[in-house]
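Right, one structure below, let's go through it.
We did not get these values from a lab; they are worked out from the coordinates using the rules stated. Computed from a prediction, not measured in an experiment: that's the story for all the values here. Glycine gets a Cβ as well: all are built from the backbone with ideal geometry, and neighbour counts include every protein chain shown.
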Amino acid sequence: MSACEHYQQQISQLLDGELPPEQVQTLRAHLRTCPECQRVYDLSLIHISEPTRLGMISYAVFCLKKKKK
């Protein structure tokens with residue numbers, strides 16, 4: 001396993017809140033120096049934020065509809 005593969009697995013653990021604090025610091029230091037791993041991290045953030053964003057939009061539409069009544 002390459003170093004980047006190891007760090008990319010840690011990205012998933014980080015986003016799940018399962019990465020120990022000392023490993024978080026090491027991962028963040030790697031992300032500052034590795035464009036490929038930073039790209040994987042950025043794409044992971046986009047992926048997990050989509051349902052949240054859709055939920056916010058749905059709630060906003062619900063509030064607007066409720067306000068009209």
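Numbers for the structure displayed
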read-out: Modelled FRET efficiency - R0 25 Å, Ile46 with Gln23, Cβ distances, 0.05 increments; value: 0.65
read-out: Summed side-chain charge close to Cys37 - residues other than Cys37 whose Cβ falls under 15 Å, Lys, Arg +1, Asp, Glu -1; value: 0
